[in-house]
Amino acid sequence: MIFNAFERMVAMRYLRARRQEGFISVIAGFSLLGIALGVATLIIVMAVMNGFRAELLGRVLGLNGHLNVYSSRGGPLPDFDILAGKLRNTPGVVNVTPTVEGQALVSVHGVASGAVIRGVRAEDFKVRPTLANNVIRGSVDEFGQDRVAIGVRMAQRLGLSVGDQITLIAPQGNVTAFGTVPRMRSYPIGAIFDVGMFEYDNSFIFLPLEEAQAFFRTGDAVTSLEVFVSDPMQIASARAAVQSAVAGEGRVVDWQQSNASFFTALQVERNVMFLILSLIIMVAAFNIISSLIMLVKDKGRDIAILRTMGATRGMIMRIFFLSGASVGVTGTLLGLALGVSFALNIESIRQVIQGLTGTNLFNAEIYFLSHLPAKIDWSEVIQVTLMALGLSFAATIYPSWRAARLDPVEALRYE
């Protein structure tokens, strides 16, 4: 073994300071606590950031196509069924959904608000898991003909339930001799969905494709084709295949282009948080240096006696290295256990704290999601652990070297 029994015994004895050396022990304790909190905080924050990205990505890609094909000339896309058939035969493409999308005004009991209207075929609505698996009232079979599906937040806000009528006011009205008259159409609600993302649950309404075409006056055309591929993370190759299949008939936009600023901001924030929280571990490592330097100064006589008894400089260096490293390793392992346990149970902990304080710690209107997500990336956990251990070991090198270089004669001169 690298450390023999004598070195381990002396190192552990130095960590249990006597009464007159209590201040050094307090500093070592704070160093251990600082490293533990730094590691735990870094693991928890990284897990939450990963959870946010995964949840938002899942919601966005579940409700929107991985690629969207628009008309290259602008406006609606005619003969879309022919183009959709070509795209379905493209390698990597799993589904193509013709879509009519636009904005309208929703009027219920005199209360009006804006909404995003998306028209899809009933069979396409039923095979989209993010929607079909999250219908909480009504049924996916009720969507179709003239029945619509709305989000649970919109239903709560407007006091609606399955079977109620919802009135949509089109942005383009009917031009008459007396001026422009608003075009209004009422639809019964067939399904209410809860996808867990506030923006979609609060402002999206799904109409049958034919109804949306009539409402927005697109005729037999659609505004876009939503293309779903087998692996959205490899979107570059899928985009090239779809672009080749379109061959000038349309313009292709992938999900990374549509949400570039959003996911770039998340990545930048994640990197900055990692850098800032790493400073906590670095400060705790400096505490190890200060406590070890004080320990070396206090144990000068002990070092001199050990040297005169035959201890080598290497033994002295290993003794103090082991003392400092023990604080770092213990703090890192404690922080690892605390951080992983907290991250795995973060939603339950949030619910308990909310119940005790009576406050909403995670408002869906602000954070987009209805629950606090956390996803542990074990490669990041290993990276954080190795970084903490590396800083802890590095912090012990200089004080240990100073202890090994101590001259026994100088240390005992005034004893």
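Laid out as a table, the results:
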{"item": "Low-density loop positions, chymotrypsin sites (Phe, Trp or Tyr not before Pro), segment 158-251 - DSSP coil, at most 10 other Cβ in 10 Å", "result": "Phe178"}
{"item": "Accessible area in square angstrom per residue, the chain, 1.4 angstrom probe", "result": "49 Å²"}
{"item": "Selected from Val283, Ser258, Gly310, residue furthest toward positive end of dipole (segment 234-328; charges at beta carbon)", "result": "Gly310"}
{"item": "Furthest towards positive pole of dipole, Asn345, Leu67, Phe143, structure part the chain, Cβ charges", "result": "Asn345"}
{"item": "Qualifying aspartates and glutamates (Cα of each under 19 Å from Cα of Lys297; at least 8 residues distant if same chain)", "result": "Glu7, Glu21, Asp407, Glu410, Glu415"}
{"item": "Förster radius 56 Å - calculated FRET efficiency between Met9 and Asp194 (Cβ-Cβ, nearest 0.05)", "result": "0.35"}
{"item": "Value of relative contact order over segment 1-150, rounded to a whole percent, pairs C-alpha under 8 Å and six or more apart", "result": "12 percent"}
{"item": "Share of carbon and sulfur in the accessible heavy-atom surface of the chain [1.4 Å probe, %]", "result": "60 percent"}
{"item": "Area of Ser237 that stays accessible when all protein chains are in place (1.4 Å probe, Å², to 10)", "result": "80 Å²"}
{"item": "Tail fraction, Cα-Cα pairs, segment 199-273, threshold 17 Å, whole percent", "result": "65 percent"}
{"item": "Two-site FRET efficiency, Gln103 against Leu333, from Cβ-Cβ distance with R₀ of 60 Å, rounded to 0.05", "result": "0.65"}
{"item": "Residues whose placed amide H lies under 5 Å from that of His66, excluding near-sequence neighbours", "result": "Val227, Phe228, Val229"}
{"item": "Cut-off 13 Å between beta-carbons: net charge of the residues surrounding Gly51, Lys and Arg +1, Asp and Glu -1", "result": "+1"}
{"item": "FRET efficiency estimate (nearest 0.05) - Cβ-Cβ, Gln267 to Tyr398, R0 45 angstrom", "result": "0.80"}
{"item": "Dipole moment magnitude, nearest 20 debye, segment 149-248 about Cα centre, only Lys, Arg, Asp, Glu C-beta charged", "result": "300 debye"}
{"item": "Lys, Arg +1 and Asp, Glu -1 on Cβ, resulting dipole of the chain about Cα centre, debye, nearest 20", "result": "1820 debye"}
{"item": "Asp79 - accessible surface, heavy atoms, 1.4 Å probe, Å² rounded to 10", "result": "110 Å²"}
{"item": "Helical segments meeting 18 Å axial Cα length and Kyte-Doolittle 1.6 threshold in the chain (DSSP H)", "result": "22-63"}
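The values are calculated or read from the model by the stated rules, or taken from the named source; none is laboratory data. Owing to the predicted nature of the structure, the values given are computational and were not obtained by experimental measurement. When we count neighbours, we look across all protein chains shown, and the Cβ atoms used for this are built from the backbone with ideal geometry, even at glycine. Protein only, heavy atoms only, side chains kept; ligands, DNA and RNA dropped before computing areas. Shrake-Rupley method; radii C 1.70, N 1.55, O 1.52, S 1.80 Å.
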